[in-house]
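**Q** Before we start, here is the structure in question, set down as structure tokens.
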Amino acid sequence: MDLQTLKTFVRLGETLHFTKTSEEVLIAQPALSRQIKQLEQTIGAQLFKRNKRNVALTTAGAYFKQAAQQTIDQLEHAIRRTKEIHNGEAGEIRIGYTHSIVQTILPKIIKEIRAQFPEVRTILREMSNNDQYKDLAERKLDIGFATNPVVPEHLKSKIFHEDVFVIVVPVNHPLLKQKGRDLSAFAGETFILPHEIEGSGYLHTVKSICLDAGFFPNVVHQTSSVNSAFRLVEAGLGITIEPKASILGQDLAIKWIELNKIPQKAQSVILWNEYTEQEHMQILKLIRQLILPSSSTI
């Protein structure tokens, strides 16, 4: 079993067509069939169901296809990284983040990484919490910055900042003039919140804020984009709840009310894995100094 065999298997798992795959990988179809049979014998499991008309992955084959692709990605990254080290290059650091992070600490972090590691390329991606979990697990991401995440057991994490939540409303919302109001006054409003699948931990926190106020939010629009949510609020299509940091720098016809008397806080959390410690420990230490100046080490 070698890298090319794994690549050929993955491609066949995608096309489910022996003739097409053999043409793409430039080997004869009988040789491809023998290669797949030898692979199945080596593993001790049937990977494909095949007859004269159809080819399909077995359950074991579908699992092995995913695992093989991860192995290919990791090996190719290791080869690329080894070549970079040989050539005196430092490579890249891939950072995922949620919206409120880029409004606060992230620019400072990137500036310091650039100052202390000028040869490192920084790749930034605004992502939901769940997408960060997935890409960290698959080593497609090196460090994540999430808001109120439910951190999987295979990842490491540290809370480094807490912010108050605010309720964001159109600039002409009638409740802005009402004195002594609390969140229960917004029970009849329509809400704009993230999709459940994209921010389950964060969304759970937001919904718990409403439940503590005696109502369940009537969600009529769902978006993972904070900027889109603010635009919908500006258009009068609903209201939303966000960390206060998310509204910094916004030039929109919206207002916000701080929810500073509730127990829930917007927690900013750094995420990483063991692989990150092996590849980017110095950058992790730098980030620790920036966001956890008086806390324990990462």
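The values are calculated or read from the model by the stated rules, or taken from the named source; none is laboratory data. Values in this document were obtained by computation on a predicted structure and should not be read as measured data. So basically every Cβ, Gly included, is an ideal-geometry build from the backbone, and we count neighbours across all protein chains shown. Note: accessible area is taken over every heavy atom of the protein model, side chains too, but ligands, DNA and RNA are not part of it. Shrake-Rupley method; radii C 1.70, N 1.55, O 1.52, S 1.80 Å.
**Q** List the lysines whose alpha-carbon lies under 30 Å from that of LYS207, not counting same-chain residues fewer than 8 positions away?
**A** Qualifying lysines at Cα under 30 Å: LYS134, LYS156, LYS158, LYS177, LYS179, LYS244, LYS255, LYS261, LYS265.
**Q** Going from the alpha-carbon gyration tensor of the range 1-52, what semi-axes, largest first and in whole Å, does one get by taking the root of 5 times each eigenvalue?
**A** 16, 13, 10
**Q** With unit charges on the beta carbon (Lys/Arg positive, Asp/Glu negative), name the residue among THR147, GLN66, LEU124 whose Cα is farthest towards the positive pole of the charge dipole of the range 52-164.
**A** The residue sitting most towards the positive pole is GLN66.
**Q** To continue, here is another question. Can you pull the percent of the range 1-86's accessible area that's carbon plus sulfur, 1.4 Å probe, other chains left in place?
**A** Of the solvent-accessible surface of the range 1-86, carbon and sulfur hold 52 percent.
**Q** For the range 95-138, give the percent of accessible area contributed by carbon and sulfur heavy atoms, probe 1.4 Å, rounded to a whole number. Provide the component values of the computation, followed by the final result.
**A** Details: 1110 of 2150 Å².
Carbon plus sulfur share of accessible area: 52 percent.
**Q** About the Cα centre of the range 167-221, what is the dipole size in debye to 20, counting +1 per Lys and Arg Cβ and -1 per Asp and Glu Cβ, all else neutral?
**A** 300
**Q** Take the Cβ-Cβ distance between HIS77 and ALA28 as r, set R0 to 25 Å, and report the resulting FRET efficiency rounded to the nearest 0.05.
**A** 0.20
**Q** Another question, if that's okay. Under 13 Å from the Cβ of LYS7, count the other residues' Cβ atoms, weight Lys and Arg +1, Asp and Glu -1, and hand me the total.
**A** So the environment of LYS7 carries a net charge of -3.
**Q** Moving to a separate point now. What would the Debye formula give as log10 I(q)/I(0) at q = 0.10 Å⁻¹ for the alpha-carbon point model of the range 17-162, no solvent?
**A** Treating every Cα as an identical point scatterer, log10 I(q)/I(0) equals -0.57.
**Q** Report the one residue of GLN278, HIS204, ILE167 whose Cα lies farthest in the direction of the positive end of the charge dipole of the range 142-298 (charges on C-beta: Lys and Arg +1, Asp and Glu -1; origin at the Cα centre).
**A** Value: ILE167.
**Q** May I ask you to give the solvent-accessible area per residue for the range 178-257, in square angstrom, as obtained with a 1.4 angstrom probe?
**A** 49
**Q** Using the Cα centre of the chain as the reference point, and only Cβ charges (+1 on K/R, -1 on D/E), how large is the resulting charge dipole? Debye, rounded to the nearest 20.
**A** Charge dipole of the chain: 440 debye, to the nearest 20.
**Q** Ok, one more. Among [x] 38; [y] 30; [z] 26, only one was calculated for this model; which label is it, if the read-out is percent of Cα pairs over 36 Å apart?
**A** [x]
**Q** Can I ask one more? What FRET efficiency would be calculated for the residue pair LEU290, LEU237, taking the C-beta separation as r and a Förster radius of 41 Å, to the nearest 0.05? Could the numbers behind the result be given before it?
**A** Details: r = 38 Å, r/R0 = 0.92.
After rounding, the FRET efficiency stands at 0.60.
**Q** How high is the relative contact order of the range 21-128, given as a whole-number percent (alpha carbon pairs under 8 Å, six or more residues apart)?
**A** 19
**Q** Report the extension gain between LYS177 and ASN51 in nm, rounded to one decimal, defined as 0.36 nm multiplied by the number of residues separating them, less their alpha carbon distance.
**A** Once the chain is fully extended between LYS177 and ASN51, it gains 38.1 nm.
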